[in-house]
1. For the range 66-168, which helices (runs of 4 or more DSSP H) that fit wholly inside it have 3 or more residues that are closer than 18 Å to residue 240 by Cα?
2. May I ask you to list the residues in the range 304-316 that are surrounded by fewer than 21 Cβ atoms within 10 Å (Cβ to Cβ) and within 19 Å of the chain's Cα centre (by Cα)?
3. Can we say residue 212 is over 19 Å from residue 101 (Cβ atoms) and assigned to a loop (DSSP other than H, G, I, E, B)?
4. Pick out the one residue from 148, 103, 129, 113 that is at pLDDT 95 or above and on the phi > 0 side of the Ramachandran plot.
5. Return only the number of the condition from (1) out of contact with any helix residue (DSSP H, G or I) (no Cβ under 6 Å at 6 or more places or on another chain); (2) touching a residue at least 40 places away in the same chain (Cβ under 8 Å); (3) within 28 Å of residue 266 (Cα to Cα) that residue 151 does not satisfy.
6. Within the bounds of the range 276-299, is there any residue that is surrounded by fewer than 19 Cβ atoms within 10 Å (Cβ to Cβ), farther than 28 Å from residue 117 by Cα, free of Cβ contacts under 8 Å to residues at least 24 places away in the same chain and out of contact with any helix residue (DSSP H, G or I) (no Cβ under 6 Å at 6 or more places or on another chain)?
7. Sort out which residues of the range 81-90 are loosely packed, with under 11 Cβ neighbours inside 10 Å and at pLDDT 95 or above, and write them in order of number.
8. Let me confirm something: among 236, 243, which residue is within 18 Å of residue 136 (Cβ to Cβ) and part of a strand (DSSP E or B)?
């Protein structure tokens with residue numbers, strides 16, 4: 001793995017994950033240190049045959065499925081499973097304004113398990129290299145994770161609670177995006193659901209940031225102004241004409257500049273206190289080669305999400321107000 005015992009706080013990666021790591025660093029694939037902007041490369045959550053770390057992905061999933069509680073969520077059954085298969089697009093196209101369609105979509109999503117819904121116009125950098133997406137709009141869906149469950153991270157085989165809640169809420173997000181895609185297809189427009197984390201062509205994180213779903217945190221996950229870091233994403237791409245949401249910069253990045261809680265709590269020391277240059281953009285970055293073996297061993301880890309001050313119940317809205325006041329801005333509803 002190329003690190004000593006002190007660099008990882010005394011933790012060492014399991015031999016089965018070390019053996020599955022390829023010769024190329026995951027940080028290289030992710031573009032760490034690159035000064036030129038480019039689209040992201042297919043990586044760990046892509047089909048194994050389309051990326052460098054397919055063997056590692058297979059080993060991590062195999063290990064997680066050894067937990068009966070986790071296996072139930074890897075093989076979900078209705079009504080708690082991944083939702084309906086995409087329907088056929090209706091031949092007759094429903095007519096409405098972009099504003100009207102946007103209201104319909106958001107109302108339907110709220111009524112079908114989504115806790116927040118945001119929209120962005122498609123951009124080339126939302127699409128992984130080697131893929132093509134022609135739909136002009138991306139709808140981002142967020143589902144929250146109960147703090148009392150994610151706060152039990154890291155999961156173990158004896159207490160898999162934190163791992164189970166992540167898997168369970170990803171299944172909820174999957175149902176939500178499939179239901180929404182079918183709703184749009186029923187109105188005569190193309191729509192494709194993208195359940196996380198196996199989103200394949202679509203890179204949801206930059207789309208979610210541009211759509212106002214949150215800001216990138218030091219721990220590599222989004223921080224939402226109401227949910228903190230305790231939520232998961234899914235998406236739908238569509239040809240339906242919609243209205244984009246504005247970016248929501250509520251000061252969380254300023255907060256992260258001076259906070260070290262997730263950095264110090266990370267057992268493999270994967271989180272950097274400083275921003276890094278990644279594919280031409282300076283941003284928070286989590287060392288993949290250090291993170292993923294611990295992620296695999298602990299059924300999805302989640303420590304950084306649990307300890308994030310923004311994730312504590314009821315804290316995020318007030319913290320956002322405080323950060324905006326420091327900037328001299330009025331808080332957005």
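The values are calculated or read from the model by the stated rules, or taken from the named source; none is laboratory data. Values in this document were obtained by computation on a predicted structure and should not be read as measured data. Note that we place each Cβ from the backbone using ideal geometry, even for glycine, and neighbour counts take in every protein chain shown.
1. By residue number, 98-111.
2. Selection gives 307, 309, 312.
3. No.
4. Working: 148 fails: on the phi > 0 side of the Ramachandran plot; 103 fails: on the phi > 0 side of the Ramachandran plot; 129 fails: on the phi > 0 side of the Ramachandran plot.
Being at pLDDT 95 or above and on the phi > 0 side of the Ramachandran plot holds for just one of 148, 103, 129, 113, which is 113.
5. Of (1) out of contact with any helix residue (DSSP H, G or I) (no Cβ under 6 Å at 6 or more places or on another chain); (2) touching a residue at least 40 places away in the same chain (Cβ under 8 Å); (3) within 28 Å of residue 266 (Cα to Cα), only one is false for residue 151: (1).
6. No, there is no match, as no residue in the range 276-299 is surrounded by fewer than 19 Cβ atoms within 10 Å (Cβ to Cβ), farther than 28 Å from residue 117 by Cα, free of Cβ contacts under 8 Å to residues at least 24 places away in the same chain and out of contact with any helix residue (DSSP H, G or I) (no Cβ under 6 Å at 6 or more places or on another chain).
7. Let us first name the residues in the range 81-90 that are loosely packed, with under 11 Cβ neighbours inside 10 Å, namely 85, 88.
Answer for the range 81-90, where residues must be loosely packed, with under 11 Cβ neighbours inside 10 Å and at pLDDT 95 or above: there is none.
8. So the residue among 236, 243 that is within 18 Å of residue 136 (Cβ to Cβ) and part of a strand (DSSP E or B) is 236.
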